[in-house]
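Okay, so here's the structure we're looking at.
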Amino acid sequence: EAQVTQNPRYLITVTGKKLTVTCSQNMNHEYMSWYRQDPGLGLRQIYYSMNVEVTDKGDVPEGYKVSRKEKRNFPLILESPSPNQTSLYFCASSLSNRNNEKLFFGSGTQLSVL
Amino acid sequence: DQQVKQNSPSLSVQEGRISILNCDYTNSMFDYFLWYKKYPAEGPTFLISISSIKDKNEDGRFTVFLNKSAKHLSLHIVPSQPGDSAVYFCAASESFGNEKLTFGTGTRLTIIP
């Protein structure tokens, strides 16, 4: 089954404790992206990757890191999480970055930073 | 600066009636528009899209209308069904592609049986 898999689904952590949210897709997609969803703000892009070893900042990259060492994986790293990073996170992928290529989203990771 | 706006956070519609979800944008460079649908505890899924060279695109019960002069698009669902209850996100991009995709804040649609 074609899918984007995120782990974990839920995570509670404390300020400053490094964490990684994993994202994997099995569709051989070139383009991958991370979004956060917050009430009243919709989905905002954190980082994206056009292909292996090619990553770039989205609209809200502060406090986040990503890597794209393999085509299928695109982990989101919070080196020192803070309470304002409490949010619902989505990973997404598409065949290419062309704007008519629909995005496939993971099921989301609900992160709470205390 | 919210470039894509969905001014109605929620909407309730009787089953069988038409649901109309609205979206306004401010960036005149946007040339591709999409609607995504999201159920609780799931990620958004693509619903329908429209290019700026068209003013209407239809897919079954779903039709998207684009009014470029007003910078407005709308999603019509006819007839509305209980399974349509979800949050709907409008999104827009310039010709660069998905790396510049901008989402609206979402509208929660509730279909009343």
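The values are calculated or read from the model by the stated rules, or taken from the named source; none is laboratory data. Treat the numbers as computed from the prediction; the structure is a model and nothing was measured. Ideal geometry is used to build each Cβ from the backbone, glycine not excepted, and the neighbour counts take in all protein chains shown. Remember, those area values only see protein heavy atoms, side chains included, never the ligands or the DNA or RNA. Shrake-Rupley method; radii C 1.70, N 1.55, O 1.52, S 1.80 Å.
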Seminar exercise, completed: Taking region B:10-37 and keeping residues open to solvent by 70 Å² or more (accessible area, probe 1.4 Å) and at pLDDT below 95 leaves B:SER28, B:MET29
Exercise. If a residue has to be open to solvent by less than 20 Å² (accessible area, probe 1.4 Å), at the interface with another protein chain (Cβ under 8 Å from one of its Cβ atoms) and not in a strand (DSSP E or B) to count, how many in region B:82-98 make the cut?
Worked result: 2
Problem set entry | Residues (open to solvent by 30 Å² or more (accessible area, probe 1.4 Å) and either over 20 Å from B:PRO44 (Cβ atoms) or touching a Pro at 6+ places or on another chain (Cβ under 6 Å) (or both)) located in region A:55-66 | A:THR55, A:ASP56, A:LYS57, A:GLU62, A:GLY63, A:LYS65
Problem set entry | Qualifying residue in region B:18-41 (condition: of a type in the set (Ser, Thr, Tyr), within 14 Å of chain A (Cβ to nearest Cβ) and within 17 Å of B:THR110 (Cα to Cα)) | yes
Exercise. Under 8 Å by Cβ, and 6 or more places apart or on different chains, what pairs join a residue from region A:9-20 that is closer than 14 Å to A:TYR64 by Cβ with one that is of a type in the set (Asp, Glu) and open to solvent by 70 Å² or more (accessible area, probe 1.4 Å)?
Worked result: A:LYS18/A:GLU79
Exercise. Of the residues that sit in region A:93-103 and are in contact with a His (Cβ under 9 Å, 6 or more places away or on another chain) and facing another protein chain (nearest Cβ under 8 Å), which one is surrounded by the most Cβ atoms within 10 Å (Cβ to Cβ)?
Worked result: A:SER94
Exercise. Within region B:51-74, can one find any residue that is open to solvent by 70 Å² or more (accessible area, probe 1.4 Å) and either of a type in the set (A, V, I, L, M) or at the interface with chain A (Cβ under 10 Å from one of its Cβ atoms) (or both)?
Worked result: yes
Problem set entry | Matching residues, region A:67-78, being more than 14 Å from chain B (Cβ to nearest Cβ) and either surrounded by 15 or more Cβ atoms within 10 Å (Cβ to Cβ) or assigned to a strand (DSSP E or B) (or both) | A:SER67, A:LYS71, A:ARG72, A:ASN73, A:PRO75, A:LEU76, A:ILE77, A:LEU78
Exercise. Just wondering, is there one or more residues in region B:38-48 that are open to solvent by less than 80 Å² (accessible area, probe 1.4 Å) and more than 30 Å from A:VAL60 (Cβ to Cβ)?
Worked result: no
Exercise. Does B:VAL78 fit the bill of being surrounded by fewer than 21 Cβ atoms within 10 Å (Cβ to Cβ), hydrophobic (A, V, I, L, M, F, W, C), more than 26 Å from A:ASN51 (Cα to Cα) and within 12 Å of chain A (Cβ to nearest Cβ)?
Worked result: no
Exercise. Can you tell which of A:SER80, A:SER24 is among the hydroxyl-bearing types (Ser, Thr, Tyr) and under 15 Å from B:GLY43 (Cα atoms)?
Worked result: A:SER24
Exercise. Given the structure, is B:LEU109 out of contact with any Gly (no Cβ under 9 Å at 6 or more places or on another chain) and crowded, with 20+ Cβ neighbours inside 10 Å?
Worked result: yes
For this session: Go through (1) touching a Gly at 6+ places or on another chain (Cβ under 8 Å); (2) outside any loop (DSSP other than H, G, I, E, B); (3) surrounded by 19 or more Cβ atoms within 10 Å (Cβ to Cβ) and name the single condition A:PRO81 misses.
Result: (2)
Exercise. Can you tell me how many residues in region A:1-48 are part of a strand (DSSP E or B) and under 24 Å from B:ASN98 (Cβ atoms)?
Worked result: 25
Exercise. Across region A:31-50, what is the number of residues that are open to solvent by 50 Å² or more (accessible area, probe 1.4 Å) and either facing another protein chain (nearest Cβ under 8 Å) or closer than 17 Å to A:LEU95 by Cα (or both)?
Worked result: 4
